[in-house]
Protein chains: 4
Amino acid sequence: MTKRSPDFATMVLILHPWATRQEIDHLTQLIEEKALEWALHPGEVRNQIHVFGNLSQETEASWRTQPGVQQVYGLAKPYKLANKTHRKSNTRIPIGSQQLGSEDLVVIGGPCALESEEQGTTAALMLRDIGLEIMRASAFKPRTSPYSFQGLGVDGLHILSRIRQRTGMLVETEVMDVRDVEIAAELVDVVRIGARNMQNFDLLKEMARVQTPVILKRGASNTIREFLLATEYILQGNPNVILCERGIRSFETAYRNTLDVGAIAVLKQETHLPVIADPSHAAGNKTLVPALSLAAVAAGADGLIVEVHPNPAVALSDGDQSLYPHQFMNLMDDLRKVGAAVGRRVLRHRPARSLSR
Amino acid sequence: MTKRSPDFATMVLILHPWATRQEIDHLTQLIEEKALEWALHPGEVRNQIHVFGNLSQETEASWRTQPGVQQVYGLAKPYKLANKTHRKSNTRIPIGSQQLGSEDLVVIGGPCALESEEQGTTAALMLRDIGLEIMRASAFKPRTSPYSFQGLGVDGLHILSRIRQRTGMLVETEVMDVRDVEIAAELVDVVRIGARNMQNFDLLKEMARVQTPVILKRGASNTIREFLLATEYILQGNPNVILCERGIRSFETAYRNTLDVGAIAVLKQETHLPVIADPSHAAGNKTLVPALSLAAVAAGADGLIVEVHPNPAVALSDGDQSLYPHQFMNLMDDLRKVGAAVGRRVLRHRPARSLSR
Amino acid sequence: MTKRSPDFATMVLILHPWATRQEIDHLTQLIEEKALEWALHPGEVRNQIHVFGNLSQETEASWRTQPGVQQVYGLAKPYKLANKTHRKSNTRIPIGSQQLGSEDLVVIGGPCALESEEQGTTAALMLRDIGLEIMRASAFKPRTSPYSFQGLGVDGLHILSRIRQRTGMLVETEVMDVRDVEIAAELVDVVRIGARNMQNFDLLKEMARVQTPVILKRGASNTIREFLLATEYILQGNPNVILCERGIRSFETAYRNTLDVGAIAVLKQETHLPVIADPSHAAGNKTLVPALSLAAVAAGADGLIVEVHPNPAVALSDGDQSLYPHQFMNLMDDLRKVGAAVGRRVLRHRPARSLSR
Amino acid sequence: MTKRSPDFATMVLILHPWATRQEIDHLTQLIEEKALEWALHPGEVRNQIHVFGNLSQETEASWRTQPGVQQVYGLAKPYKLANKTHRKSNTRIPIGSQQLGSEDLVVIGGPCALESEEQGTTAALMLRDIGLEIMRASAFKPRTSPYSFQGLGVDGLHILSRIRQRTGMLVETEVMDVRDVEIAAELVDVVRIGARNMQNFDLLKEMARVQTPVILKRGASNTIREFLLATEYILQGNPNVILCERGIRSFETAYRNTLDVGAIAVLKQETHLPVIADPSHAAGNKTLVPALSLAAVAAGADGLIVEVHPNPAVALSDGDQSLYPHQFMNLMDDLRKVGAAVGRRVLRHRPARSLSR
């Protein structure tokens, strides 16, 4: 077995059954011009050319459109920085006294939207008492309809910052507009890119310019491959990427989205980045949140982001999927049990810690 | 709040924006001829007629096609016998010394296909040693291609029966053909209807004619509602129905199917029937089976059906998703831990029991 | 370029990054024991073994489970008889005076279900006057709920046969139960396998035992590949297979199913068998049927099967998607125009023809 | 039938089977506090409260979370400006000498990406000769991988503007970043929002600030309802919105996406806005583009946006789905025939026209 450079790769060109000798000659010349090696193999229905060498500059499309070519198989993984083979150990991101990506099970809780300084402060104090260290709350709200509550905007970021100072809770919020990335990265502890923006590439590129940890939510209809490729945009400059499975769009209508626990298991095999789950948006209904939370942890999730509201009945958004405080406390108890069963540690009560990041 | 008969239901007819007065009069007459009550309510874009009374004889289609009607909302649940409101307590089905549907976590293990009497006996003895009481093994194989191994057929049923006698293990197998239901029900302990046959209504009707417990697997693209409606066919005569979530078809290709843990949670809310999961067919790859198994149990599954083979490398089918015996033993250990965390009891070692059914 | 037997094929084994030298040696020995050729190619992330020779006995699963193997690419098309490369010319199936699979555009119309001899006769005469030669009408009804109308059963087959004699119309109906195939094949002109039974392999095998033309409807969630593999079961004995695209299950809820016109185009490229479309079941709503019918023909469909009812408002099933006679006549006029634009011929009025098959 | 204000709407609250009298009283009080009317209707399984009045301020979520409520049906259409009931006549948008939204069939052609001034000019002249008036070419490229060609950016916009001046062709291009909307709106004739950005709400809001016609592409996994709601953001300030169906994500892998012709038909029923189709991105393969183009037009599309490249074999992106010039000319001929069959007019050759917008 001859030694080859790490850039060595293989590509298989499946030829049309009616590919002509001239077309095949043209292809092999093209391959040789690119200093690549090739071998022609007759196939049952159609012949194949196997190409070897440094294919990093090649695209499947450029080959698929050559006369005589029917299909192209490029067999190397397209994502590099997120790939487990790229790093020896898993990425660990400190969240308060815990390490996301270690045996710690990190739970982020809070209301869907930040509605007011009072509501946010009440929620933060409630969560602190329950033993959480970080609160979610969206200052900007992506809404399917322009006629729905759109969030407090940049003012909300400043409110979150004040709540952070006053309560000692870390804060997490979503950013939708490239123009808000810098200020958000400065004012909050963790920024989130929502499912609808998973392939908003300009937003991903802005995130590569800051060092704040970023939760990237999987698009409701994006493949695991696309999900990992999206992280590559952020990883160009920011290594603190957290993947979040939040349910995929399927034909089922009994809940909002299908929580893809298989994706959690695959991601833990494929990447060194931490993986969390959002059971609330998958369920779209508070009665399913506990079961989905436990399932995600059993499947290998490093953490959860759960919607809990001091009073869901008056929530301005997603009240139907937000847990009541007592429901959330019961869930934390169950998480400690299931977490322990799979070797995870859940904070038992609020530890003393500095607020410095 | 006036008392009404239990048959009392409501239906909402959404009218076309351009529905004429004559069409509306025609509709209200039709309603009155059927001894139903109605109320006309103007809507923002279109008017509505709300119909009240015993609608058990009405079909949405017959109303949707009336002139002037645009949509029909029939708001009552269409499945009756499977509905939780139909029975006080959950259905419990005895499997060996356990009760499927109770706090017992019932694990069914075994090879995808029965390949020979020797292979089946080896598997049965291995599983008995691990502490299982029931073995899965398909005598009939539904294969996407006619060029794949099709199973041993009826001979396989007799082999399973002999293995049952000799090893004391209970046996579970799939039935695909209406002509095989009677003999299978006689020779094995639990029969299975595969995902592809979930809506093979003639097969469902045959299952209503026997009393053997039936595992009904959810079609890879069937809704929970369709799943519960399919059980109604069997429940007409056979109360021993076990629902099995085995993954749904989605756009994701990193595994075979998307295990729908949300469906497990919804089913436990909606029906009194036991719910199990098949992580092996969802994963299509042994490396994902442990994570999916634990997730299903955490989500509330009453049991699992897992593929394990004495030597997957030589399996005639699904070898890639069958666990090696030592992997299965590790999984059983993890299931005991996670099961305990959610209040489930897993058999620790093989109990003494009679072989009589 | 050396000559090879037509059975010559290629398979690529992608090895684990950590595959050992021993594992690789074991694999190459295994390959040689099977009289296959191989070549080892280092890959960017992982090495590969390319295997050449007669692989018709090999299954991906048996290789994927070998120690050291991570993935298997088997690059040959798995369906043989349906494959265009298998026959020079397209299969043509005579339907009355037309040839399905030629430039003739064959339209099958009729009610969803046969409700009575009177309803069926009325429909047949109406269709004959419009210029059709074959009527659809289901004697057996697959119903999602056991509480819905289940059809007239075998009596219905005899009614269809009498209608056939009396009106001179050919008849088409669905068969669901293996026990009904023989009698149906005898009494009607074309039998149909419904979408839910596309992978009811015992039913497919029974169809291989008769010579009656069979319309095989694509399962609402089956891939084109699975669709073509299902035809292989019938083609083992019966060459008269007609493929029918009837809409796939997607996340969209504005209509019942998504008519997959891309599948029609792909099937016309891949197979020599005739391809028709069922716009009625895709739409689930009569207002969309004309647009879907024209789209299917523009995409290359050889024919259509459309639901039309003398009086949809009183139809026992699918009334909401059945066209009124005048709507169907308008559709036929539009089909003549669009058909002509894509080189298809639509019957202008009923030709004289013998009733003998 | 009493007259009501146009704001009058209806909502149905489905109560839990175990809803208490107190919960029901609480609900009816809440309703009356909001000056809404109500009626209590016992249901088969659960009781219902029907609420009437001006519900424009109400959200389903806020009601679904009230104690005792299990489900909420809000029966009015949520999109207002795009709704057909909102305008008497269809919106018509002038594109060169044609009116998009009239009987004119408007075809936009061109390369996927603008690669250089030379390539763009060559393409523009070629398209002008074929008889087109507007060219597509992306200056900004959304790429799944950061390692793919990312487009020429703002320089590309200036190149397009020069090509526009020199050739007299109108130009269409995609905008991804809110910061580029103003300059793009100034330099090109039609701007496009790609499928991945359909719910990038900040980008939609920016589009409401300009008057340039906007092509909004449907997200590959967005429902028709979400699609129409997204237009509402733009319609707040910009009436020139063009809907573009470009294929939805399904389980099928024989092509890139499933062209949803049913959506085209539904949109033509639901909205007054023009609807076009992008067969190239749906197909992902040039061999399927002609069939999909004809199907879209037969289904009612007002126009098409098709990828055609002077030399696809050297295209920097999507070369595999771009047509060769001669293939595109053949397609135009077929479009004239099928267009005529459905009452559409296709430009026969380039008309004289001023370049002023």
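The values are calculated or read from the model by the stated rules, or taken from the named source; none is laboratory data. Please read all numbers here as calculations on a predicted model, not as lab measurements. Glycine gets a Cβ as well: all are built from the backbone with ideal geometry, and neighbour counts include every protein chain shown. Side chains included, ligands, DNA and RNA excluded: accessible areas come from the protein's heavy atoms. Shrake-Rupley method; radii C 1.70, N 1.55, O 1.52, S 1.80 Å.
Things worth noting here:
- Where strands (runs of 3 or more DSSP E) sit wholly within the stretch C:192-294, none has at least 3 residues that are surrounded by fewer than 24 Cβ atoms within 10 Å (Cβ to Cβ).
- Residues that are closer than 25 Å to A:ASP333 by Cβ and either free of Cβ contacts under 8 Å to residues at least 24 places away in the same chain or not β-branched (Val, Ile, Thr) (or both), drawn from the stretch B:275-289: B:ALA277
- Counted residues, the stretch D:11-40 - those being open to solvent by 40 Å² or more (accessible area, probe 1.4 Å), under 26 Å from B:GLN269 (Cβ atoms) and of a type in the set (A, V, I, L, M, F, W, C): 2
- Test for D:PRO94: is it more than 26 Å from D:GLU270 (Cα to Cα), surrounded by fewer than 18 Cβ atoms within 10 Å (Cβ to Cβ) and modelled with pLDDT of 80 or more: no
- Test result for D:GLU174, in contact with a Ser or Thr (Cβ under 9 Å, 6 or more places away or on another chain) and of a type outside the set (Ser, Thr, Tyr): yes
- Selection within the stretch D:91-108 - closer than 18 Å to D:THR212 by Cα and in a loop (DSSP other than H, G, I, E, B): D:THR91, D:ARG92, D:GLY96, D:SER97, D:GLY101
- Subset of the stretch D:292-336 [under 13 Å from C:LEU294 (Cβ atoms) and within 9 Å of chain C (Cβ to nearest Cβ)]: D:LEU294, D:ALA295, D:ALA296, D:VAL297, D:ALA298, D:ALA299, D:GLY300
- Qualifying residue in the stretch C:131-144 (condition: within 18 Å of C:VAL214 (Cβ to Cβ), open to solvent by less than 30 Å² (accessible area, probe 1.4 Å), of a type in the set (Val, Ile, Thr) and at the interface with another protein chain (Cβ under 10 Å from one of its Cβ atoms)): no
- Only a single criterion out of (1) crowded, with 24+ Cβ neighbours inside 10 Å; (2) under 24 Å from D:THR121 (Cβ atoms); (3) of a type in the set (A, V, I, L, M, F, W, C) is not satisfied by D:VAL297, namely (2).
- Residues in the stretch D:274-303 that are within 15 Å of D:ALA254 (Cα to Cα) and within 16 Å of the chain's Cα centre (by Cα): D:PRO279, D:SER280, D:HIS281, D:ALA282.
- All conditions in (1) within 14 Å of chain C (Cβ to nearest Cβ); (2) modelled with pLDDT of 95 or more; (3) in contact with an Asp or Glu (Cβ under 9 Å, 6 or more places away or on another chain) hold for B:ASN238, with the sole exception of (3).
- Residues being of a type in the set (A, V, I, L, M, F, W, C), in contact with an Asp or Glu (Cβ under 8 Å, 6 or more places away or on another chain) and either open to solvent by 30 Å² or more (accessible area, probe 1.4 Å) or within 14 Å of chain A (Cβ to nearest Cβ) (or both) - total across the stretch D:150-176: 3
- Hits in the stretch A:109-130 - residues which are surrounded by fewer than 16 Cβ atoms within 10 Å (Cβ to Cβ) and assigned to a loop (DSSP other than H, G, I, E, B): A:SER116
- Whichever residue in the stretch C:217-235 is of a type in the set (Val, Ile, Thr) and within 11 Å of chain B (Cβ to nearest Cβ) and, among such residues, is farthest from B:ILE248 (Cα to Cα): C:ILE234
- Within the stretch A:241-274, being within 7 Å of chain B (Cβ to nearest Cβ), in contact (Cβ under 8 Å) with a residue 12 or more places away in the chain and of a type in the set (Asp, Glu) holds for one residue alone: A:ASP260.
- When residues of the stretch C:178-191 are limited to those that are in a helix (DSSP H, G or I) and acidic (Asp, Glu), the one farthest from the other protein chains (Cβ to nearest Cβ): C:GLU186
- Of all residue pairs spaced 6 or more apart or on separate chains, those with beta-carbon atoms under 9 Å, a first member in the stretch B:136-152 that is on the phi > 0 side of the Ramachandran plot and a second member that is among the basic types (Lys, Arg) are B:GLY151/B:LYS141; B:GLY151/B:ARG143.
- Criterion violated by A:TRP63 - all others in (1) more than 22 Å from A:GLU174 (Cβ to Cβ); (2) modelled with pLDDT under 95; (3) surrounded by fewer than 21 Cβ atoms within 10 Å (Cβ to Cβ) satisfied: (3)
- Of the criteria (1) open to solvent by 10 Å² or more (accessible area, probe 1.4 Å); (2) within 21 Å of C:ASP278 (Cβ to Cβ); (3) over 14 Å from the mean Cα position of the chain (by Cα), which one C:ARG179 fails: (2)
- Evaluation of B:TRP18 against the conditions (1) modelled with pLDDT under 75; (2) hydrophobic (A, V, I, L, M, F, W, C); (3) closer than 26 Å to C:SER148 by Cβ shows that the sole unmet condition is (3).
- Pairs where the first residue, in the stretch B:210-237, is among the basic types (Lys, Arg) and the second is open to solvent by less than 10 Å² (accessible area, probe 1.4 Å) and assigned to a loop (DSSP other than H, G, I, E, B), C-beta under 6 Å, 6+ apart: B:LYS217/B:GLY194
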